[in-house]
Each structure stands twice: as C-alpha cells, then as structure tokens.
Amino acid sequence: PIRLIEFFAGYGSQALALKYLGVPFEHNKTCEWAIKSIQAYKDIHFTDDKTDYSKDMSVEQVKEYLFNKGISQNYNEPMSKDQVFRLNETDARKIYNNIQATHNLVIIQQVKGDDLEISDTDKYEYILTYSFPCQDLSLAGNGKGMSDTSTRSGMLWEVERILKECENKPQILLMENVPQVHSLDNLKDFQKWITSLEEMGYKNYYQDLIATDFGIPQTRNRCFMVSVLGNYKYTFPSSVELKLKLKDMLENNVDEKFFLSDAMIKYISADNEKWTGNNGSALINKEYASTINTNEGSRRCDASNYISDDVGENYD
C-alpha cells in the first residue's frame, strides 16, 4: 500500500494521477502554503471532511497558528501578522480546518524529517513528490536558478535537508519540473542534487517527456526524475500514438456561469483604445493580441483585435 507525501502539493495532481490509475493509497502528508491551493486540495480530495478542528480554540489562537505556519495569499510571500489577524473568524477557521484535513505541514522551511511520520516501511511504500517551483528555471522566468535557497527554485535544498533528517526515508521520490532544470545554466546544481541523492542511497533516473507522446494533445515538455531507494532499476514508459486533437478535449455543453457577460463582451470588443493600467502612461498595442501584451490579472486589455468579424451578434 502507498502512503503519499506531496511537497509543493498545489491541488494534488499527483494524488489525482494515482486515483485515475485506480491505485489505492493514503494521503500521508502534504506541504502547501498558498490558501487557494490548500482550499482546492481540500475540495478535491477531502470533500466529505466537515470536521471543525478549531472548535476548542479561540479565534486568536487560530490566527496565531496560521501566522506561525506562514500561510500565503499571493504564492510569493507569507502573510504578515497584521494581514492574518485581519481575517474574519469564518475564513480563519476555514483555512485552519483545511490545513488539518489535508495533513498539511504548510511551509517547507519549517518541516522536519520526523514530521513526515515515515514508519513501517516493510509494510508501506512511501512516495514523496517534490515538484518544486520552476519560476527561477523556466524560459519565462528570471533566470536566478536554484543555487541559492533564497530563490523559489532553490527550495529544492529544503527537500535535501528534510530527507537527510529522516531516520526512515521514502522509498520512492518523484520530481517533475521544466527541462531547464538540467540546462547548461543549471546542470551543476542538478548534478549536485543527484550526487546528494546517491549518497543517501537513491538510484536516479530522469528523462524529458512531452505530453503529445503520451496521448495528450498538448506540447508540454517536462523533466521527470524517479529516485528509488536501494538497488532497483526504473525504465520510463514508451510513447503511445496520439489520437486525440484539442477539439476532442473541449466540452460541448459549457455551464453559462463561464460565459462572458454582455457588458464584458461589449467592453472588450469595443473598437477604442484602452489604457494598460501603467498609471495611464501607455496604450495597448493593437498590433498584437492582448493575451500577449498584458500581464496576468493586473492590467486592462483590449480584445477587439482578435474577435472575428464574422461572429455576428450571437457570441454564445
């Protein structure tokens, strides 16, 4: 039986993969600091858990716990004490209950080896996944790399610290990241990581895999590394024929809650210039689609240059 440990858990894609494969497993521990991701993990994997774990705590105790744990609203930094204590009681207790329900250790810098509670390794297979942040590695990132533990990608070395603290280590480790994790700029650190794992007794196998080679119509290239404790060998699966197209993945009947309102359609399709939001200092460049020249969620954008002339009045 598998006991799953998910570092940088997000909404639990690794757990979902095991579910889709029909593999029985237990959620042993997660580690995720972002409030929205913690909520998503709870909603997907622990839907039936309605327990109020905070019932014997005052709201001040709950908020003190959340602050000390280092929860994050923006995925980039922990909330300040003032921010945490401004949460209303309902939200604070909900976040606390989500953390408890999902066995969440929250912030990786505070995790100790004993916190993973790895025992009975003769009876259970512990799999630890650690898809650490790629922002400092990816082509779209800022190129800081993973040498420094102060960078987001540098949190890899927190994983190393925790594993070294474990008296009983997970038998299997699974890493997924962008291919740049072993690019020329990052190869020295990647080899350092592999050497460290070897010294802990792991055999490591890594390969870049593209989703289109495994039946999914998306050109998504990612590096996977499987590390196995002991004298074992792993072989990556062979590719399969791609039979699906993007249109096969789209829903035919979409709930109206996902439709743009008439007011929004009128706004984005209006043939007039719109400010980017840069303090009124720059206009949208209408030579390019707005999805290219706008930052996610932070700027108003004009879409009139990519709404087809033949759409007509029926936008549905």
Of the GluC sites (Glu not before Pro) in segment 154-190, those whose Cβ has at most 16 other Cβ within 10 Å and which sit in DSSP loop = E167
remark   = Neighbours of E167 by Cβ distance under 14 Å: Lys/Arg at +1, Asp/Glu at -1, summed charge -2
key: Cα gyration tensor shape for segment 51-115, rounded if a/c is under 1.5, else prolate or oblate   = oblate
message = When a/c reaches 1.5 or more, the comparison of a/b and b/c decides; with that in mind, is segment 1-64 rounded, prolate or oblate per its Cα gyration tensor?
response = prolate
remark   = Each label sits 7 Å from Cα toward the beta-carbon; between K112 and Q207 the label points are separated, in nm, by 4.0 nm
message = Expected output is a single nm value to one decimal: the length gained when fully extending between Q73 and K19, i.e. 0.36 nm times separation in residues minus the C-alpha distance. What is it?
response = 16.6 nm
task = Obtain the nm distance between the two label points defined at Q218 and E198 by a simple spin-label model: each point lies 7 Å from its Cα along the Cα-to-C-beta direction.
result = 3.4 nm
note = Extension length gain for Y234 and E251 (0.36 nm per residue less Cα distance), in nm, is 2.5 nm
message = List the residues, sorted by chain then number, that are 5 or more residues from M79 or on another chain and whose placed amide H is less than 5 Å from its amide H.
response = I71, S72, Q73
Neighbour net charge for I210 - beta-carbon separation under 15 angstrom, K R +1, D E -1 = -2
inquiry  = Please list 3J(HN,Hα) in residue order for segment 79-91, calculated via the Karplus relation 6.51 cos²θ - 1.76 cosθ + 1.60 where θ = phi - 60°; whole Hz, with x for glycine and proline.
reply    = 5, 6, 4, 4, 5, 5, 6, 7, 4, 6, 4, 4, 5
query = What length, rounded to one decimal in nm, is gained on full extension from T121 through to K50, with 0.36 nm per residue of separation minus their alpha-carbon distance?
reply = 22.5 nm
request  = Between beta-carbons, use under 15 Å as the cut-off and find the net charge around D185, counting Lys and Arg +1, Asp and Glu -1.
outcome  = 0
inquiry  = What are the equivalent ellipsoid semi-axes of segment 1-147, built from the alpha-carbon gyration tensor (square roots of five times its eigenvalues), in whole angstrom, biggest first?
reply    = 25, 22, 14
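Bear in mind these aren't lab numbers, they're just calculated from the coordinates by the rules spelled out. Note that the coordinates shown come from a computational prediction; the quantities given were computed from them, not determined experimentally. Virtual Cβ from ideal backbone geometry, glycine too; neighbours counted across all protein chains shown.
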